[in-house]
Structure formats: C-alpha cells, structure tokens
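First the structure, in the form of structure tokens, and then the observations on it.
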C-alpha cells in the first residue's frame, strides 16, 4: 500500500520550492533586464548605421535637428510629431503647415534609411504623454512612434569630416531618460538657434548660439543604471550614468550629466560655458 506524504514532508517540499523560487526570480528578472538592454543597444546601433547611409547621400553633412519654417525660424526647443501628422487633421500637428515644418526633423528625414520608427523606442520603458491625447485620438491616421532616442543637435548641419573624435563623440543616445514619448521626438542636446532665423544655426566653437539640454523622464537609470550611446563612427556601447552621486561629480568625458541623486536623476549637465561638454563636434576628448 502506497504511503501518503505526512504534513511535515509536505511543508518541507513547499519550503524547498519557496527557496528555489526566491533564488530564481531575481535571476529571471536580471535576464529580462539584460534582454531589454541588448535590444536597446541594437536600436541605437541600427539608427547610427542609418545616419551613416544618410551621410553618404548628403555630402557628409549631418541632418537637420529641428523643426524649421522659412521666414519663421528654428523650433529647437519643441517636440516633433513622429511620424509626421500621425494624429490627423483635427490637431495642429496634422495640419499641412505643421507637417511641412516637422518634415525637416531628423526623426522623419532618417526614415528612408532606417525603415522603422520602432528603432526610436527604449524597450520596456514606460510610455509618456506629450500631447495629452493618448495613442488613438479621434481621427488618428497612423500609429504614433514610441520615442526615447535623441540626436546630438550640435551636429546639426555639421560636416562629418570635421568631427575631431568620431569614435567618442555621441551621435544618437537614450537621451530622454526613463520613458518613451508617445508620437513625439526631440533633439537633445540642442543648439539655441534664433527663433526668427536671424542668425546662422550652427555650432561655433567658443561662442555662437550656445546649447542646451532638456529635462529627462524620471531617471537616467534605464537599464542596469545606465543607457546606450552610438558614436559618430557608428560604434555603440552601454554607458553607466550617475556612477558617482552628489556631492561627487561624474566623469565629464563619458557622462553628460552630474549632480545625480540616489534615484539616478541628474542635477546639472557638463558644459564649456556655451555648449554641453560631451557633445561638441570639435572636442578631442584628451582634455
């Protein structure tokens, strides 16, 4: 006759299962995090390759970084609908004038080369509202992209042959922080170009229009306390952000920001008095 489990034996089995689960769950979570980190790096790398193909068709000149309207000027501090006019004609962004403006932005001009708005996404990051209408407003004509990648706007209209350190200069990166903007792309950092177009919108070492960086979503700790960067030579790698917390300073040669708090939120960005330090096309990274 088969003997049944005693209560003690059953409790022992349950305890063993609980112990194994406690050991394995963190491992599974780490594996999932690593997969997202790898997918994010792939997106950055493929986007950088798209830039390289674009450059071959544009006399080695980097794409326009901002919305632009002739006679009006540069909209360097605005989001851009991605894809163009996705929300339909019931909104200003879906009207012809705004769509023409948005069509000059890198997130849209790069599409013939990247063939996918999905490359702009930060895998697994939370979705963030920009326009306050969700993903399926009345009259929607296209699916909005989820956008986390940002372009180094100091390269706006700059010659690729004039980059001092292509293997170290960030070209494209997870520059929005811990979130995907719904249907909206941004250039970060950006040149503070004249809204009226009265001055040349170009990086000028030691002066000119100056530059700015934008507020991020929640934290710069997107995956494994960092994010990904692709460089002007199309190489790509993971970068640890906020390795040193405030009041200590981060490494200005690898981290755009400093003054990080315990949640990975930076307080400041490194700059040279005019432009964000790490993104300057003429910087040789030896200083």
Next on the checklist: Within segment 37-87, take every residue that is in contact with a helix residue (DSSP H, G or I) (Cβ under 6 Å, 6 or more places away or on another chain) and within 17 Å of residue 192 (Cα to Cα) and give me the one that is modelled with the lowest pLDDT.
Outcome noted: 69
Next on the checklist: Looking at segment 194-210, can you tell me whether even one residue there is under 24 Å from residue 267 (Cα atoms) and buried (at least 22 other Cβ atoms within 10 Å of the Cβ)?
Outcome noted: no
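Only one of these is more than 18 Å from residue 44 (Cα to Cα) and not in a helix (DSSP H, G or I): 181, 230, 243. Name it. Spell out how you get there, then give the answer.
On the way: 181 fails: more than 18 Å from residue 44 (Cα to Cα); 230 fails: more than 18 Å from residue 44 (Cα to Cα).
Answer to the selection: 243.
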Next on the checklist: If residue 234 meets every condition in (1) over 15 Å from the mean Cα position of the chain (by Cα); (2) modelled with pLDDT of 95 or more; (3) at negative phi apart from one, which number is that one?
Outcome noted: (3)
Checklist entry - Give me the pairs: first residue in segment 263-284 and at positive phi and in contact (Cβ under 8 Å) with a residue 40 or more places away in the chain, second residue surrounded by 20 or more Cβ atoms within 10 Å (Cβ to Cβ) and not in a strand (DSSP E or B), beta-carbon distance under 6 Å, and six or more apart or on different chains, which are they? => result 264/220; 264/242
Checklist entry - Going by the structure shown, is residue 154 surrounded by 22 or more Cβ atoms within 10 Å (Cβ to Cβ), touching a residue at least 24 places away in the same chain (Cβ under 8 Å), touching a helix residue (DSSP H, G or I) at 6+ places or on another chain (Cβ under 6 Å) and closer than 23 Å to residue 80 by Cβ? => result yes
Checklist outcome for this item: Among 258, 234, the single one that is more than 21 Å from residue 155 (Cα to Cα) and surrounded by fewer than 23 Cβ atoms within 10 Å (Cβ to Cβ) is 258
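Please indicate, with yes or no, whether at least one residue in segment 218-225 is touching a residue at least 24 places away in the same chain (Cβ under 8 Å), exposed (fewer than 13 other Cβ atoms within 10 Å of the Cβ) and out of contact with any helix residue (DSSP H, G or I) (no Cβ under 7 Å at 6 or more places or on another chain).
To start, the set of residues in segment 218-225 that are touching a residue at least 24 places away in the same chain (Cβ under 8 Å) comprises 218-225.
Still in the running and exposed (fewer than 13 other Cβ atoms within 10 Å of the Cβ): none.
Scanning segment 218-225 turns up no residue that is touching a residue at least 24 places away in the same chain (Cβ under 8 Å), exposed (fewer than 13 other Cβ atoms within 10 Å of the Cβ) and out of contact with any helix residue (DSSP H, G or I) (no Cβ under 7 Å at 6 or more places or on another chain).
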Item to check | Within segment 64-103, considering residues that are touching a strand residue (DSSP E or B) at 6+ places or on another chain (Cβ under 6 Å) and over 23 Å from residue 119 (Cα atoms), the one surrounded by the most Cβ atoms within 10 Å (Cβ to Cβ) | outcome: 74
Checklist outcome for this item: Residue count, segment 81-111, condition free of Cβ contacts under 8 Å to residues at least 24 places away in the same chain and not in a loop (DSSP other than H, G, I, E, B), comes to 4
Checklist entry - For segment 35-45, what are the residues that are touching a residue at least 60 places away in the same chain (Cβ under 8 Å), farther than 12 Å from residue 124 by Cβ and surrounded by fewer than 20 Cβ atoms within 10 Å (Cβ to Cβ)? => result 45
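The values are calculated or read from the model by the stated rules, or taken from the named source; none is laboratory data. No experiment lies behind these values; they were computed from the predicted model shown. Cβ sites come from the backbone with ideal geometry, for glycine too, and all protein chains shown count toward neighbours.
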